[in-house]
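Structure provided below as structure tokens; questions to follow.
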Amino acid sequence: MEAQTAPKLQNPPKSRNPITELWWFFAISACVKLLLIPAYKSTDFEVHRHWLGITHSLPLSQWYSDETSIWTLDYPPFFAYFERFLSVFANLIDPQIVHLQKGLNYSSNTVLYFQRISVILSDLCLLYGVFRLTRNSDSMKQKMIWVLVIWSPMLVIVDHLHFQYNGFLLGILLISLSCLEEGRDLMGGFIFAVLLCFKHLFAVAAPVYFVYLLRHYCWKGLVRGFWRLSVLGTVVVAVFALAYAPFVYHGQMQQVIHRMFPFGRGLCHAYWAPNFWVFYIILDKVLAFLLGRLGFNIQAPAASFTGGLVGDSSPFAVLPQVTPATTFILVLISLTPCLIKAWRHPRPSLITRWVAYAYTCGFMFGWHVHEKASLHFVIPLAIVAVQSLDNARHYFLISIVSCYSLFPLLYEAQEYPIKVLLLLLHSTLMWLGFSAQFANGIALETANSGKKKDDDFQSKRRSVGAAQKGGFVIGWVHWSYLVSMLLVEIWGQFLHPIIFGDKLPFIPLMLISTYCGIGVMYSFIWQLKWILDS
């Protein structure tokens, strides 16, 4: 009689370590960025190199009054302190980097490598922010958000090719949002105040923070509420005092404010950001042309917008003139529905979406908006994108549009294949990732899970239906818009130089701004509708 064979023991599945996986995402990203070090070198290199020189060579009382170079310091004090911190290491590597006079337009390899690597290392702040926001999510959602944020082609183009520190600053924003989502309101408000002292343009979301914290954190009865309001106010005031008190002491506060808010730069940047003002400008041009043909005496300033001068006051020929106060009012009006929702239903799970919408409003209607500011809403929307199929469709479109709107930043021929490859790779990864998430019943599990979701029942039902029909689909309207974007690029990159040569060089840029402006306008309306319906 044969003895029964004991069943073989299967190896238990290895436990997943998300921290290790996240480090791999960061390592792959860092390797790509290191390969891009010799690439395009913008004027922002000299801007930040000069800021290293200012903060290292001059006493604090002269930081915001120095005019050794045209690239004067115009960020808030915490960023100046950050430059001062970096200057210590720059001085050890090459003292000429931080020399106020000898360092002007200094462009050796030591400058290039130091500044490139400093941005890569500062992205560790972004890594921590993403980790905090995704540590309680399931594996698929975590990895999808990591792909969208850590491997963002927009951050590669703006920070690691053009050169800035947006990843570092957005990391601080994500840390703040993660605290709010966890119910740690005081810490979230504190970190946001720190962010404002690094870059004041993030203040567009301040009304959302104020209303949300007042309602969710402070609205706890008269005595307890007043105490919490006092504590929150003290924390915020302490942060701003730490940042600005030295400049108040030296009598430099007025100069600091003047540098931080240079309203004389005009309504639009040299390259028009794809926002509401693109359509306003074009309408003014069309009306001026038509009225001129009808015999009206229209004084249209020559190339007042297409010339792209940063200091241009941007006069209009027919439509009413736009002032900084006008743009401020429009931003506030567009924010109002979100503020009402935040007051009535201050849900921590919605704060990231509200902040993304706030930055969309600032981008749409703000004064002298840079195209790079689209990062402020695209990165937070990546956190929202994995919540439902509707959110994923919206993000798929707006992320491609926003990335394409950055193409004029890299205008040299050698960078053209890089930016095209980055966008194509990003689009492919998004498509594959969202298809995997919303196929094979995963959307159904999401809709039926016990965890509280942000989307309404109808949105969940649509996600489930789409998942059962075959995964991630965006519809023919979205596809038509994205395919037409290819025609815009073919015209600007190939046909326009053949037909017009060096004439009318502003037309390709204007077409990109206008076409991408349609996509950004759609995103603004889509987000507003979601907030109103939620």
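The values are calculated or read from the model by the stated rules, or taken from the named source; none is laboratory data. Everything numeric here is computed off the predicted structure, so don't read it as measured data. Cβ sites come from the backbone with ideal geometry, for glycine too, and all protein chains shown count toward neighbours. Remember, those area values only see protein heavy atoms, side chains included, never the ligands or the DNA or RNA. Shrake-Rupley method; radii C 1.70, N 1.55, O 1.52, S 1.80 Å.
Which value, in debye to the nearest 20, gives the size of the charge dipole of the range 102-168 about its Cα centre, when Lys and Arg are +1 and Asp and Glu are -1 at the Cβ? Each step should come with its number before you reach the end.
Details: 6 positive and 3 negative charges, 19 e Å.
It comes to approximately 80 debye.
Right, something else. So how do Phe377, Phe240 rank on accessible area, 1.4 Å probe, biggest first, that is with the largest at the start?
Phe240, Phe377
I would also like to ask the following. Given points 7 Å out from each Cα along the Cα-Cβ axis, report the Thr68 to Ile298 separation in nanometres with one decimal.
According to this spin-label approximation, the distance is 4.9 nm.
Another question, then. Ordering Lys41, Lys419, Lys102 from largest to smallest accessible area (1.4 angstrom probe), what's the sequence? Mind dumping the intermediate values first?
Numbers: Lys41 85, Lys419 10, Lys102 140 Å².
Ranking Lys41, Lys419, Lys102 by accessible area, largest first, yields Lys102, Lys41, Lys419.
Additional query: Could you state how much accessible area Phe114 has, in square angstrom rounded to the nearest 10, with a 1.4 Å probe and all protein chains kept in place?
30 Å²
Continuing with the same structure: Return the calculated 222 nm mean residue ellipticity for the chain, to the nearest 500 deg cm²/dmol, obtained by summing -39500 (n - 2.57) across DSSP H runs with n ≥ 4 and dividing by the residue count.
On the way: 22 runs with 330 residues, N = 534.
Helix contribution divided over all residues of the chain: -20000 deg cm²/dmol.
Distance check, please: which entries in Lys143/Lys199; Lys41/Lys102; Lys33/Lys372; Lys41/Lys199; Lys41/Lys143; Lys102/Lys199 exceed 26 angstrom between their Cα atoms? Could the numbers behind the result be given before it?
On the way: Lys143/Lys199 29 Å; Lys41/Lys102 20 Å; Lys33/Lys372 18 Å; Lys41/Lys199 23 Å; Lys41/Lys143 32 Å; Lys102/Lys199 28 Å.
Flagged as over cut-off: Lys143/Lys199; Lys41/Lys143; Lys102/Lys199.
Tell me, what is the per residue accessible area of the chain in Å², probe radius 1.4 Å? Please list the in-between numbers first.
Working: 25100 Å² over 534 residues.
With the other protein chains kept in place, the chain gives 47 Å² per residue.
While we're on this one: Please state, as a whole number in µm²/s, the translational diffusion coefficient that the Stokes-Einstein equation yields for the range 168-207 at 20 °C and 1.002 mPa s, with Rh defined as the Kirkwood radius across alpha carbon pairs.
Working: Rh = 9.8 Å.
Approximately 218 µm²/s, per Stokes-Einstein.
Also, quick follow-up: What net charge do the residues around Leu52 carry, taking every other residue with its C-beta under 12 Å from that of Leu52, with Lys and Arg at +1 and Asp and Glu at -1?
Details: positive: Arg49, Arg84; negative: Glu46, Glu83, Asp94.
Taking every Cβ under 12 Å from that of Leu52, the sum is -1.
Still on this model: So for Arg347, Arg49, what's the accessible-area order with a 1.4 Å probe, most first?
Details: Arg347 70, Arg49 0 Å².
Of Arg347, Arg49, the descending order of accessible area is Arg347, Arg49.
Further, regarding this structure: Lys102 to Leu124: FRET efficiency via 1/(1 + (r/R0)^6), r the Cβ-Cβ distance, R0 45 Å, to the nearest 0.05?
On the way: r = 32 Å, r/R0 = 0.70.
With a Förster radius of 45 Å, E is 0.90.
Also: Tally up the carbon and sulfur contribution to the accessible surface of the range 113-214 as a whole percent, 1.4 Å probe, everything protein left in place.
Numbers: 1890 of 2690 Å².
Carbon and sulfur: 70 percent of the exposed surface of the range 113-214.
Among Val318, Ile518, Leu52, whose Cα projects farthest towards the positive end of the dipole of the chain, with charges put on the beta-carbon of Lys, Arg (+1) and Asp, Glu (-1)?
Value computed over the given set: Ile518.
Turning to a different aspect of this structure: Rounded, prolate or oblate: which fits the range 168-307, taking a ≥ b ≥ c as square roots of the Cα gyration tensor eigenvalues, rounded meaning a/c under 1.5, else prolate when a/b beats b/c? Working shown, then result.
Working: a/c = 3.04, a/b = 2.12, b/c = 1.43.
It comes out prolate by the Cα gyration axes.
Oh, and also: Between Leu528 and Leu186, how many nm apart are label points set 7 Å from Cα along the C-beta direction?
Each label point is offset 7 Å from its Cα along the Cβ direction, giving 3.8 nm.
Can you tell me the relative contact order of the range 282-437? Whole percent, Cα pairs under 8 Å, sequence separation 6 or more. Show your work: numbers first, answer last.
Values: 102 pairs, mean separation 22.0, N = 156.
14 percent.
Also, quick follow-up: Note the full-extension length gain between Thr43 and Ala206 as 0.36 nm times their separation in residues minus their Cα-Cα distance, in nm to one decimal. If you can, show how the numbers build up before the last one.
Numbers: separation 163, 0.36 × 163 = 58.68 nm, distance 3.03 nm.
Extra length available between Thr43 and Ala206 comes to 55.7 nm.
What is the chain's relative contact order, in percent, from Cα pairs under 8 angstrom and six or more apart in sequence? Intermediate results must be reported in sequence, preceding the final value.
Values: 659 pairs, mean separation 81.5, N = 534.
Relative contact order, the chain: 15 percent.
Using a Förster distance of 51 Å, how high is the FRET efficiency between Ile19 and Arg224, based on the Cβ-Cβ distance and rounded to 0.05? Don't skip to the end; give the middle numbers.
On the way: r = 38 Å, r/R0 = 0.74.
After rounding to 0.05, the efficiency reads 0.85.
So for the pair His345, Ile518, with labels modelled 7 Å out along Cα→Cβ, what separation do we get in nm?
So the label points at His345 and Ile518 sit 3.3 nm apart.
Ignoring everything but the protein chains, give the 1.4 Å probe accessible area of Ser57 in square angstrom, nearest 10.
60 Å²
Which value, in Å to one decimal place, does the Kirkwood hydrodynamic radius take for the chain when every pair of different Cα atoms is included?
Working: mean 1/r = 0.0398 Å⁻¹.
Final number for the Kirkwood radius of the chain is 25.1 Å.
Moving to a separate point now. Taking only C-alpha pairs under 8 Å that are 6+ residues apart, what is the relative contact order of the range 141-234 in percent? Display every interim value, and only then the final one.
Values: 52 pairs, mean separation 14.9, N = 94.
Relative contact order of the range 141-234: 16 percent.
If you don't mind, there's one more thing I want to ask. Using modelled backbone amide H atoms (1.01 Å from N, in-plane), which distant-in-sequence or interchain residues come within less than 5 Å of Val369's amide H?
So Val369 has HN proximity to His269.
For the chain, build the charge dipole from Cβ charges (+1 Lys, Arg; -1 Asp, Glu) around the Cα centre, then report which of Phe263, Cys197, Ile117 sits farthest towards its positive end.
Looking along the dipole axis, the top candidate is Cys197.
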